[in-house]
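Read the structure below first, then the notes.
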Amino acid sequence: MPLAVRKRAYDAIGGHDESFVGWGGEDVEFLSRLRTLWCSEGGRVPIVHVWHPFAPQKANGHRNLELLSRALSLSPEQRITQLRDSRCLSQSQ
C-alpha cells in the first residue's frame, strides 16, 4: 500500500525500523505502528499498483521473516518506545 505520512506522525511512531535490511517485513511492521494513530487506509482515490517481478528474497525465501515475527511479538506501543529511545540515544552521541 502506498503511504503518505506527515512528519509529525512519522516521528510519533518512531520512524522506520532500520534493523530490517533489504526487502520484506518492514512495511507490515511500520503499518502496525502507524495504526496506533488515526489514519485513513486506502484514501478516497483508486490505487494502481504497477506490476514488477517479485523481489529475489520473496522468490527465494523471506530473509526478514524472523525479524518481523520478533517485532510483531511486541505491541506497537512497545516498538514505538524502543525506536524513539534508540533515536534519542543516537542523536545525543
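The values are calculated or read from the model by the stated rules, or taken from the named source; none is laboratory data. This structure is a prediction, so every number in the text was calculated from the model and none was measured. Here the Cβ positions follow ideal geometry from the backbone for every residue, glycine too, while neighbour counts run over all protein chains shown.
Any chance you could count how many residues in segment 28-56 are under 28 Å from ARG84 (Cβ atoms) and at pLDDT below 85?
6
Of all residues in segment 11-33, which are crowded, with 17+ Cβ neighbours inside 10 Å, farther than 14 Å from LEU65 by Cα, more than 8 Å from the chain's Cα centre (by Cα) and not small (Gly, Ala, Ser)?
ILE13 - this is the single residue of segment 11-33 that is crowded, with 17+ Cβ neighbours inside 10 Å, farther than 14 Å from LEU65 by Cα, more than 8 Å from the chain's Cα centre (by Cα) and not small (Gly, Ala, Ser).
Hey, among the residues in segment 6-24 that are among the aromatic types (Phe, Trp, Tyr) and part of a loop (DSSP other than H, G, I, E, B), which one's nearest to LEU72 (Cα to Cα)?
My answer is PHE20.
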